[in-house]
Structures are given as structure tokens and as C-alpha cells.
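Written out below as C-alpha cells is the structure these notes cover.
Throughout, read-outs are computed from the coordinates displayed, never taken from laboratory work. What you see is a predicted model; the values in this text were computed from it and never measured. So basically every Cβ, Gly included, is an ideal-geometry build from the backbone, and we count neighbours across all protein chains shown.
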Amino acid sequence: MIVAFYVAGGVAVLSTFLVILQTNAIHALLYTILSLLSVAIVFFSLGAPLVAALEVIVYAGAIMVLFVFVVMVLNLSPETEGVDRAWLQPRTWTGPVILTLILIGELVYILMTRAGLTLEGAAIGPKQVSLALYGPYLLGVELASILLLAGLVGAYHLGRDALD
Amino acid sequence: MAEIPTQYGIILAAILFSLGIAGILIRRNIFFILIFVEVMLNAAGLAFVVAAARWGQADGQVMFIFILATAAAEVAIGLGLLLRLHHLFKTLNVDQASDLRG
């Protein structure tokens with residue numbers, strides 16, 4: 001499980017990095033799906049099987065398939081790739097990369113100076129999560145359902161005129 | 001199965017989040033920006049799950065489920081906006097949609 005955590009974490013970071021370098025939308029999506037699946041393995045190695053399954057089903061399954069549908073609808077031409085490639089020049093990415101490296105360095109420094117606490121071994125099963133979700137967090141579930149309804153109405157309103 | 005230091009999990013979440021920020025800052029394609037927003041939400045969820053594993057409580061996983069619902073709603077609206085942008089400007093470059101510039 002420890003080896004699975006480190007290997008999957010490395011794959012997640014590497015595949016997320018490769019998404020930035022991609023200009024082809026479908027290739028970027030496939031790398032994103034790879035990243036999400038490896039994060040699911042990280043969840044499983046951390047003892048969160050329900051969340052790992054949800055990551056595969058909802059994130060990698062539903063949300064990314066929605067992106068693939070949009071790529072199919074848009075029918076992107078090769079010229080858009082050229083525009084993207086023109087933006088991937090060093091003068092474009094040096095500033096953001098330096099700032100992000102400073103951010104990562106600070107976060108790693110702060111976290112590494114703390115005392116080493118190891119994660120507890122016991123897995124938290126679906127039953128515990130469900131009891132917490134429909135017990136103290138019931139109001140949150142209702143709010144999430146209202147949010148999803150608002151998202152549905154908003155997506156319908158935005159997409160109604162776009163495709164005619 | 002234990003013996004994974006807590007800060008390594010948080011550091012993984014921080015690196016993924018920073019990669020998402022870097023991607024949003026570098027790319028000007030709204031399609032890629034939406035992908036990186038997903039990556040950042042996923043990294044925030046990873047931090048919650050690491051905290052849940054640290055304390056042995058289910059609350060962090062409940063928060064991840066809420067983040068999942070938020071990401072689903074966000075991507076529905078975001079892809080709707082993407083289709084509108086493509087319909088109006090025939091491009092996915094967000095710099096083209098600069099009508100509000102003074």
C-alpha cells in the first residue's frame with residue numbers, strides 16, 4: 001500500500017504536468033483521466049475505498065466523458081492547435097512557472113518542518129461515510145442537491161441557444 | 001499499511017493544485033482552463049481525504065463528496081459557457097472575448 005501511494009502519486013504529478021504541455025484536446029483529456037485514476041489509487045491506499053470508487057465513476061467516468069462529448073460537438077480544427085502552440089513559448093510560461101515553483105517550495109517547506117505524523121492504518125468504509133453524510137451533514141446534502149439543480153437549469157439556459 | 005507521513009499526502013495535493021494554477025495561468029484555451037479547474041478541485045478533495053485518513057474520521061470523505069457535486073455543477077455551467085463562446089466567436093481563446101475591456 002505504501003508503494004502504491006508513492007507510485008500513484010508520481011504518476012498523478014507526471015500526467016498532470018503532461019496535460020499542460022499538450023495542444024491536442026483529446027490527448028490532454030486522456031492524460032487528465034490518467035491523473036484522476038492515479039489519484040483514485042492514492043485514495044484507496046489512504047484507506048478511503050468509497051471515495052476511490054466515486055473518483056473513478058464520477059470524475060474519470062462522468063465529468064471527463066462530458067468533456068469528450070464537447071470535443072465531439074465542437075469539431076475542433078487543426079488551426080486551433082497552432083494557436084495553442086504559439087502560446088506555449090518561453091516568454092509566456094516563465095512568469096507563471098516561477099511563481100508556481102515559489103508557491104510549491106513554500107508549501108513543501110512549511111509542511112516538512114512540521115513533526116512527522118503518520119496516517120492511521122484503519123480504512124474508513126462506506127458505512128461510516130454514509131452515516132456521517134446522512135446524519136450531521138444532511139443539510140449539506142440538501143444544499144448540494146439545490147446546487148446541482150441550479151447547475152442543471154443554468155446549463156440548459158446556456159446551451160439552449162448555443163446549438164441552433 | 002500505515003507509515004505514510006501525513007505531510008506527503010498534503011504535499012501531493014499541493015503539487016497537483018499548483019500544477020492546476022500554472023496550467024490556468026499558461027493556457028489561454030477555455031477548454032484547458034476548465035480541465036485545470038477540475039484538477040484543482042480534485043487536489044482540494046485529496047487534501048480533505050488525507051485529513052480524514054489522519055484523524056480516522058469520515059468527515060473529510062463527506063467533504064470530498066460535496067466537492068464532487070460542486071465540480072459536477074461547475075463543469076456543466078462551464079461547458080455551457082464554452083459552447084456559447086464557440087458559438088459567438090468561433091474560437092476557444094478567452095482573449096477574444098474582451099468586449100468588456102474599457
Quiz item: Zone of A:V97 (label point 7 Å along Cα→Cβ, backbone N under 14 Å): which residues in the range A:1-45?
Solution: A:17-22
Exercise. Take every Cα-Cα distance within the protein assembly as shown, group them into 5 Å bins from 0 onward, and report for each bin the whole-number percent of pairs it holds.
Key: 1, 6, 12, 16, 17, 16, 13, 9, 6, 3, 1, 0
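So if each residue of separation counts as 0.36 nm, and I subtract the Cα-Cα distance between A:T113 and A:R160, what length gain in nm does that give? All intermediate terms of the calculation are to be shown ahead of the outcome.
On the way: separation 47, 0.36 × 47 = 16.92 nm, distance 5.28 nm.
Extra length available between A:T113 and A:R160 comes to 11.6 nm.
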Quiz item: Which whole number gives the average count of other chain Cβ atoms within 10 Å of the Cβ atoms across peptide B:80-88?
Solution: 6
Practice problem: Quick one: among A:I124, A:I102, A:I57, which has the greatest mean-square fluctuation in a GNM of chain A with alpha-carbon springs under 10 angstrom? | Solution: A:I102
Quiz item: So how far, in whole Å, is the C-alpha centre of the range A:26-65 from the one of the range B:13-57?
Solution: 13
Quiz item: Taking chain A as a Gaussian network, where each spring joins two C-alpha atoms under 10 Å apart, which residue of A:A132, A:A28, A:A144 fluctuates the most?
Solution: A:A144
Practice problem: Return the single residue from A:T16, A:T100, A:T32 with maximal mean-square fluctuation; model: Gaussian network over chain A, springs between Cα atoms under 10 Å. | Solution: A:T100
Quiz prompt | Positive minus negative residues near B:V62 (Lys, Arg vs Asp, Glu; Cβ under 14 Å) | solution = -1
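Between A:E106 and A:V141, what length comes free when the chain is fully extended (0.36 nm per residue of separation minus the Cα-Cα distance, one decimal in nm)?
Values: separation 35, 0.36 × 35 = 12.60 nm, distance 3.52 nm.
Extra length from A:E106 to A:V141 when fully extended: 9.1 nm.
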Practice problem: State, to one decimal in nm, how far the label point of A:F69 lies from the label point of A:V13, with both points 7 Å from Cα in the Cβ direction. | Solution: 3.6
Quiz prompt | Computed log₁₀ I(q)/I(0) - Debye formula, equal Cα scatterers, no solvent, the range B:1-84, q 0.11, 0.12, 0.18 Å⁻¹ | solution = -0.35, -0.41, -0.79
Quiz item: Taking the Cα centre of the protein assembly as shown as origin and charging only Cβ (+1 Lys, Arg; -1 Asp, Glu), how large is the dipole, in debye to the nearest 20?
Solution: 240
Quiz item: Can you list the residues of the range B:49-67 with backbone N under 16 Å from a point 7 Å past the Cα of A:L131, pointing along Cα to Cβ?
Solution: B:56-62
